[in-house]
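In what follows, a single structure is set out as structure tokens and then discussed.
The values are calculated or read from the model by the stated rules, or taken from the named source; none is laboratory data. From a predicted model like this one, the values you see are computed outputs, not experimental measurements. Backbone-built Cβ (ideal geometry, glycine too); neighbour counts: all protein chains shown. The area values use the complete protein model at the heavy-atom level, side chains included, leaving out ligands, DNA and RNA. Shrake-Rupley method; radii C 1.70, N 1.55, O 1.52, S 1.80 Å.
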Amino acid sequence: MKKLIAGNWKMNGLSADAYNLSMGIINGLKQSPQLGSACDFLICPPSIHIGLVQAFFNGQDVPVELGAQDCSEVEAGARTGEISPAMLSDIECSSVILGHSERRQFHDETDELVASKAALAHKNGLVAIICVGESDAEREAGQQNAVVEKQLLASLPEGTTAANTVIAYEPVWAIGTGKTATPEDVRQMHQFIREKLQEKLEDFAQVRILYGGSVKPSNAEELFRVPNVDGALIGGASLKADDYLGIASAALDIADAA
Ligand code: PGA
């Protein structure tokens, strides 16, 4: 399976930054077209910049898809400030991140809400990237598997398949902190997630499971070597074109060596 290199720009940068970052990625991919053989690329700018970024990539002939960082759980209407999955499909987004820990934490998103959003995203032809992960306290209490199992099973709607869903395991304590889970922690959790998917989905083996949490060029290779790590969801390092593409280079090195 090709690794998915997904950048989550979060709420960073103004339009000039979006331009510079996009051009950095475009130029880097033109210089290293072989990266596209090992990786699929997705970037998720702030929603107000998606259209701009799309215009920057338009006609550049580099294999990058665009996604959003969230969407509404209702089709349309009186939801001031929200963006519907149909609007995202309409501007040719392929994917939407759902249930990121920052949305669960700062916007009180529940598993049930994430499942509703994912169902509507699927209905509108979007791939839902569903985030799960335990907090520091939960890991210290040895509850990580129970927490992730509950989030995972309750956040996946009816109709979930490997084609319309990606799972991102992001331990909350590793997001933006510089702390990365050890390869052994990641191995255990990704295997556990795969087993749980097997209980629910026929095509469980094809579901991509991304790791997220302080992924950078220097740790990407050891993470990508872990079984069941099918790519990365990258926050901070996706804001620098060299780092974002450096992470992809790690996937290419592994593919070349195989
Ligand atoms: P980080 O963020 O790479 O900055 O830790 C990852 C994420 O929140 O998706």
Which percent of Cα-Cα pairs in the chain sits in each 10 Å bin, short to long?
7, 33, 38, 19, 2, 0
Amide hydrogen neighbours beyond the local backbone of Gly231, cut-off 5 Å, H modeled
Leu4, Tyr211
³J(HN,Hα), Karplus 6.51/-1.76/1.60, whole Hz, each residue of segment 75-91, x for Gly, Pro
5, 5, x, 7, 9, 3, x, 8, 10, 8, x, 4, 5, 5, 4, 4, 9
Taking the dipole of segment 3-257 about the Cα centre (Lys, Arg +1; Asp, Glu -1; charges at Cβ), the one of Ala16, Ile43, Trp173 that reaches farthest to the positive side is Ala16
Going by average Cβ neighbours within 10 Å, how do the peptides 60-69, 122-131, 148-157 rank, with the highest at the top?
122-131, 148-157, 60-69
Check which residues have an amide H placed less than 5 Å from Thr165's amide H, if you skip close sequence neighbours.
Ala128
Which of the trypsin sites (Lys or Arg not before Pro) found in segment 156-208 are loop residues per DSSP with 14 or fewer other Cβ atoms within 10 Å of their Cβ?
Lys179
With 0.36 nm assigned to each residue of separation and the Cα-Cα distance removed, Lys179 to Lys2 gains 61.2 nm
Amide proton proximity set for Glu134, modelled H, under 5 Å, gap of 5+:
Val172
Farthest positive-ward along the chain dipole, Cα basis, beta-carbon charges - from Ala68, Leu245, Cys93
Leu245
Can you compute the FRET efficiency between Glu222 and Ile91 using 1/(1 + (r/R0)^6), with r the Cβ-Cβ distance and R0 = 51 Å? Round to the nearest 0.05.
0.90
What does the extension gain come out to for Leu14 and Lys123, with contour length at 0.36 nm per residue minus their alpha carbon separation?
36.1 nm
Work out from phi, with θ = phi - 60° and the Karplus expression 6.51 cos²θ - 1.76 cosθ + 1.60, the ³J(HN,Hα) of each residue of segment 97-107, listed in order in whole Hz, and give x for Gly and Pro.
6, 10, x, 4, 4, 5, 6, 5, 7, 8, 10
Calculate for the chain the 222 nm mean residue ellipticity that helices alone would give, adding -39,500 (n - 2.57) per DSSP H run of length 4 or more and normalising by residue count, nearest 500 deg cm²/dmol.
-13500 deg cm²/dmol
Under the span-like rule (Cα at least 20 Å along the axis, Kyte-Doolittle mean at least -0.5), DSSP H helices of the chain
15-31, 241-257
7 Å from Cα along Cα→Cβ at both Glu82 and Arg194: what's the point-to-point distance in nm?
3.7
Which GluC sites (Glu not before Pro) does segment 166-258 hold that lie in a coil by DSSP with at most 14 other beta carbons within 10 Å?
Glu202
Which whole-Hz couplings ³J(HN,Hα) result when phi for each residue of segment 170-181 is put into the Karplus expression 6.51 cos²θ - 1.76 cosθ + 1.60, θ = phi - 60°, listed in order with x for Gly and Pro?
10, x, 4, 6, 9, 7, x, 9, x, 8, 10, 5
Rounded to the nearest 20 debye, what is the charge dipole size of segment 13-122 about its Cα centre when +1 sits on each Lys and Arg Cβ and -1 on each Asp and Glu Cβ?
320
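Take the Cα radius of gyration of segment 1-44 and divide it by 2.2 N^0.38 Å, with N its residue count; two decimals is plenty.
1.26
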What is the distance in Å between the Cα centres of segment 3-25 and segment 184-258?
20
Summed over the other residues with a beta carbon less than 13 angstrom from that of Ile193, with K and R at +1 and D and E at -1, the charge totals -1
Grab the Cα-Cα distance for Asp242 and Ser32, subtract it from 0.36 nm times how many residues apart they are, and report the gain in nm with one decimal.
74.4 nm
As a test of reading the structure, rank His100, His107 by solvent-accessible area (1.4 Å probe, protein chains only), most first.
His107, His100
Cα-centred dipole magnitude for the chain, charges only on beta-carbon of K, R (+1) and D, E (-1), debye, nearest 20:
320
